[in-house]
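Coordinate-derived values only; no laboratory data. Everything numeric in this text was worked out from a predicted model, so none of it was measured. FYI the Cβ positions are ideal-geometry reconstructions off the backbone, even for glycines, and counts take in every protein chain you see.
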Amino acid sequence: MDGHIAGEDTWTVAGRTFRSRLIVGTGRYKDLEETAAAIEASGAEIVTVAVRRVNLSDPKAPMLQDYVDPKKITYLPNTAGCFTAREAVRTLRLAREAGGWNLVKLEVLGPAPLLYPDMPGTFEAAAELIKDGFEVMVYCADDPLAAVRLQEMGCVAIMPLGAPIGSGLGLQNPAMLSMIKENVTVPFVVDAGIGTASDAAIAMELGCDAVLLNSAIAHAKNPVIMAKAMKHAVEAGRLAHLAGRMPRRMGADPSSPLSGLIR
Amino acid sequence: MPGTVALTLNGESRSFDPPPSGKLSVLGLLGLLELDMRKVAVELNEEIVPRSVYAETWLSSGDSLEIVHFIGGG
């Protein structure tokens, strides 16, 4: 019991190994400078990115790659804003051409205001993408049957929501997440719903392999400091999971000896 | 105007004069738009155009293109 973890504590998705268990989005920042500073402070090795039309009236506008180097940080293209399987597949084919990456985040969303995962659309898109050679990390409902089915189809990571996208409500479903995790062998990532550092720590304590968040950092009053907080929270939650928490008991158990008291 | 190539680019109608050779390629179009081809992806009539064939993919009036890149997203 020297307090060290045997070997390096890494996780692997689709054959790629990472030390950081925090995946961060790159959206909704004030500007690209702040985006870069927050990613640096978070220690994240994977960032999600969106695919959008180039602004043809301003071709020289700075691009994300100028601030976040895809050679150093793994870009995980997403399908945010896609409400059908067809849109999602088309978007990720473009992403693969733009960056040459097969590792993608699939999300097929239902209508606002919940943007809840559309699971029939998600299954349809996942099947098409896997057939086309993509490695699919999939955003999904906290549905144990869906999670197992997506894994059986060949998805490389299962990523249920903890609460609606951008809500910052924290994990509304920790028990369900734990139960889903029991039946998933590929990386299990909580994606969406994290509001602050303690939420991220709880996700990691549950045994998740990683946490994916964006708004919790980008919408904090000071995103760079929150990014640092998230880095520490994910590390702390992970260590607590590895350490194994004490059992809960309904009553006190004194920490100081009851013998030798003065009378 | 004769000789010009009328395209739909990211949903907008745009016309381009072809180069002296008479034909406009995807590579030529990206040059006219001053875009860095290493940072974008192109779809021509809803089919991906691999970067390796930009130079020999010819455009004609009525073609519809999507030119995309990565931006911040969650």
| Across A:LYS71/A:LYS105; A:LYS30/A:LYS231; A:LYS71/A:LYS228; A:LYS30/A:LYS131; A:LYS60/A:LYS131, pairs whose alpha-carbon gap is larger than 29 Å | A:LYS30/A:LYS131; A:LYS60/A:LYS131
| request: Specify the residue with the greatest mean-square fluctuation among A:ALA98, A:ALA112, A:ALA220, computed from a Gaussian network of chain A linking alpha-carbon atoms under 10 Å apart. | output: A:ALA112
| remark: With Cα coordinates, the longest principal axis of chain A makes an angle with the long axis of helix A:119-131, in degrees rounded to 10, of 70
| request: Enumerate the calculated ³J(HN,Hα) couplings along region A:133-143 in order (Karplus 6.51 cos²θ - 1.76 cosθ + 1.60, θ = phi - 60°), each rounded to whole Hz, writing x wherever the residue is Gly or Pro. | output: x, 7, 9, 9, 8, 10, 6, 8, 5, 7, 10
| Cross-link partners of B:LYS39 among aspartates and glutamates (Cα-Cα below 15 Å; sequence separation of 8 or more within a chain) | A:ASP58, A:ASP66, A:ASP69, A:GLU97, B:GLU66
| query | Once Lys and Arg get +1 and Asp and Glu get -1 on their Cβ, which of A:VAL136, A:PRO70, A:CYS82 lies farthest toward the positive end of the dipole of region A:48-180? | reply | A:PRO70
| query | By how many degrees, 0 to 90 and rounded to 10, does the Cα axis of helix A:32-42 deviate from the longest principal axis of chain A? | reply | 30
| note | Counting only DSSP beta bridges fully inside the protein assembly as shown, the antiparallel percentage to nearest 5 is 50
| Number of partner chain Cβ atoms within 10 Å, mean per residue of A:93-102 | 5
| task | Can you check what the net charge comes to around B:VAL68, using other residues whose Cβ is under 12 Å from the Cβ of B:VAL68 (Lys, Arg +1; Asp, Glu -1)? | result | +3
| field | Most fluctuating residue given options A:ALA252, A:ALA233, A:ALA216, as computed from a GNM of chain A linking Cα atoms under 10 Å | value | A:ALA252
| message | Mean-square fluctuation check for chain A, GNM, Cα pairs under 10 Å: which of A:THR122, A:THR12, A:THR91 is largest? | response | A:THR12
| request: Would you kindly derive the ³J(HN,Hα) couplings of region B:26-36 from the backbone phi angles with the Karplus curve 6.51 cos²θ - 1.76 cosθ + 1.60 (θ = phi - 60°), listing them in order in whole Hz, with x for Gly and Pro? | output: 4, 4, x, 5, 4, x, 4, 7, 6, 9, 7
| Residues with amide H under 5 Å from that of A:ALA192, placed H, sequence gap 5 or more | A:GLY162, A:LEU212
| Dipole size in debye (nearest 20) for chain A around its Cα centre, Lys and Arg Cβ +1, Asp and Glu Cβ -1? | 320
| query | Sorted by packing (mean other beta-carbon atoms within 10 Å per residue), highest first, where do A:192-201, A:242-251 land? | reply | A:192-201, A:242-251
| request: Would you mind ranking A:ASP209, A:ASP9 by Cβ crowding within 10 Å, fewest neighbours first? | output: A:ASP9, A:ASP209
| said: I need the GluC sites (Glu not before Pro) found in region B:23-65, filtered to DSSP loop residues with at most 11 other beta carbons within 10 Å of theirs. | reply: B:GLU34, B:GLU46
| request: Can you check what the net charge comes to around A:PRO62, using other residues whose Cβ is under 12 Å from the Cβ of A:PRO62 (Lys, Arg +1; Asp, Glu -1)? | output: -3
| request: Show the residues, 5+ positions off or on another chain, whose built amide H is closer than 5 Å to the amide H of B:LEU24. | output: B:LEU59
| task | Arrange A:TYR67, A:TYR29 by Cβ neighbour counts within 10 Å, fewest through most, would you? | result | A:TYR67, A:TYR29
| query | Using alpha carbon centroids, what distance separates region B:1-31 and region A:178-227, in Å? | reply | 47
| query | Which ³J(HN,Hα) values, rounded to whole Hz and listed in residue order, are derived for region A:244-259 from phi using the Karplus coefficients 6.51, -1.76 and 1.60 in 6.51 cos²θ - 1.76 cosθ + 1.60 with θ = phi - 60°, glycine and proline given as x? | reply | x, 6, 5, x, 7, 9, 8, x, 7, 9, x, 7, 9, x, 8, 8
| remark: If each part is reduced to its alpha-carbon centroid, region A:106-146 and region B:36-74 end up apart, in Å, by 26
